[in-house]
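Here's the structure, in structure tokens; my notes come after.
Any read-out appearing in this document is the output of simple, stated calculations on the displayed coordinates, not a laboratory observation. All of these numbers come straight from a predicted model, not from anything done at the bench. All Cβ positions, glycine included, derive from the backbone under ideal geometry; neighbour counts span all protein chains shown.
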Amino acid sequence: MNKQTLTQDLKAFVGGAAFINQTQLARYLRRSRGFVPDLVYGLDYLQTGKEKKYFIPDIAERLMDARNIGG
């Protein structure tokens, strides 16, 4: 899987949006919500009420980086 494919898959998962929140990301990854903060640490986000929305291409890049280092 490459970054472009992952980006498209994440966008499809959230219904075509360009942003994803931590709960959606945890569901996508099938991991606990507690796993996500370490993954998104340092990424820019939009604060909308109580949730933080992350730009999907940034998330895809972080996931690809984690995969490449064995994370």
D_trans [Stokes-Einstein, Kirkwood Rh over alpha-carbon pairs] for the chain, 25 °C, 0.890 mPa s, µm² s⁻¹: 201
Net charge, Asp44 excluded, C-beta distance under 11 Å - Lys, Arg +1, Asp, Glu -1: +1
Environment charge of Met1, counting only residues whose C-beta is closer than 9 Å and scoring Lys/Arg +1, Asp/Glu -1: +1
Residue-wise HN-Hα coupling along segment 53-67, computed from phi with Karplus coefficients 6.51, -1.76, 1.60 (Hz; x: Gly, Pro): 10, 10, 5, 4, x, 5, 5, 4, 5, 4, 5, 5, 4, 5, 5
Residues in segment 42-67 reached by a label modelled at Ala18 [backbone nitrogen below 13 Å; 7 Å Cα→Cβ]: 46, 54-58
Selection from Asn21, Val40, Met64, by position along the positive dipole direction of the chain (Cβ): Asn21
Low-density loop positions, chymotrypsin sites (Phe, Trp or Tyr not before Pro), the chain - DSSP coil, at most 11 other Cβ in 10 Å: Tyr41
Amide H contacts of Lys52 (H built 1.01 Å from N, under 5 Å, at least 5 apart or other chain): Gln22
Modelled FRET efficiency - R0 22 Å, Gln8 with Tyr45, Cβ distances, 0.05 increments: 0.60
